[in-house]
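The next block holds one structure in the form of structure tokens; read it before the comments.
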Amino acid sequence: IYNLFNVAVIAMGSSISIILGKRLGAGNIEEAKDYSTKLIFFNQVICMGTAVLLLVTAPFFPMIYNTSADIKSLATSFIVVIAFCMPIHAFATSCYFTIRSGGNTFITFLFDSVFMWIATVPIAYVMAEFTNINIIVLYLLIQIVDIIKCIIGFVMVKKGMWLNKLT
């Protein structure tokens, strides 16, 4: 369900990469910087709309399954958590594609894959194995770990590490 609602955010991320890559390819560094801010903001606006839509429709998706009321309630809770965390993921995605637009594929590899293995997976393991945190709270905390990625991405975008002339 999350992926279905996140399609617009991911598509906008790809668009960010294409639009900024074109500006960088033309040597328009300042224009690319200006566009990046506007496109990241626009992606957040799109995300807010889809997150609200997901939040409103969350209780209806579990109804299509033939399962107990407890499981349906749990599924609804997971969907609500992911709806509230969508802006975090959208911002991280926007930063990822902005950095990638400048040709920094290794940094984006670190940003995406390596981060998951050095931060998200170990934190999830430790919290699941050594605490008695409710599964919904655990899921929320794991989703919130991406705020670290947002901060790193924000710093990299603001510092202009992605601004490479591609010509």
Open item on the list: Under 23 Å between alpha carbons, and skipping anything fewer than 8 positions from Lys22 in its own chain: which lysines qualify?
Closed with: Lys33, Lys38, Lys158, Lys159, Lys165
- [ ] Run the accessible area of the chain with a 1.4 Å probe and give the carbon-and-sulfur part as a rounded percent.
- [x] 70
Open item on the list: Suppose every Lys and Arg Cβ carries +1 and every Asp and Glu Cβ carries -1, with no other charges. What dipole size does the chain come out with about its Cα centre, to the nearest 20 debye?
Closed with: 480
Open item on the list: Under the √(5λ) rule applied to the eigenvalues of the Cα gyration tensor, what semi-axes describe the equivalent ellipsoid of segment 1-155? Give them in Å, descending.
Closed with: 32, 20, 11
Task: Sequence ranges 118-131, 47-60, ranked by mean other-Cβ count within 10 angstrom, highest first - done: 47-60, 118-131
Task: Structure-based [θ]222 nm, the chain - -39500 (n - 2.57) summed over DSSP H runs of at least 4, per residue, nearest 500 - done: -25500 deg cm²/dmol
Open item on the list: Can you tell me, using C-alpha contacts under 8 Å and at least 6 residues apart, the relative contact order of segment 1-94 as a whole percent?
Closed with: 42
TODO: Keeping all protein chains in place, calculate the accessible area per residue for segment 66-153 (probe 1.4 angstrom), answer in Å².
DONE: 53
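If contacts are Cα pairs under 8 angstrom and at least 6 residues apart, what is the relative contact order of the chain in percent?
Over the chain, the number comes to 35 percent.
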Task: For segment 105-167, convex hull of alpha carbons as volume per residue, Å³ - done: 75
Open item on the list: Based only on Cα atoms, what mean projected area does the convex hull of segment 1-71 have, in nm²?
Closed with: 5.4
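The values are calculated or read from the model by the stated rules, or taken from the named source; none is laboratory data. All figures in this text were calculated on a predicted structure; none of them were measured in a lab. Cβ atoms come from the backbone with ideal geometry, glycine included; neighbour counts cover every protein chain shown. Each accessible area value is taken on the protein alone, full model and side chains, heavy atoms only, with ligands, DNA and RNA left out. Shrake-Rupley method; radii C 1.70, N 1.55, O 1.52, S 1.80 Å.
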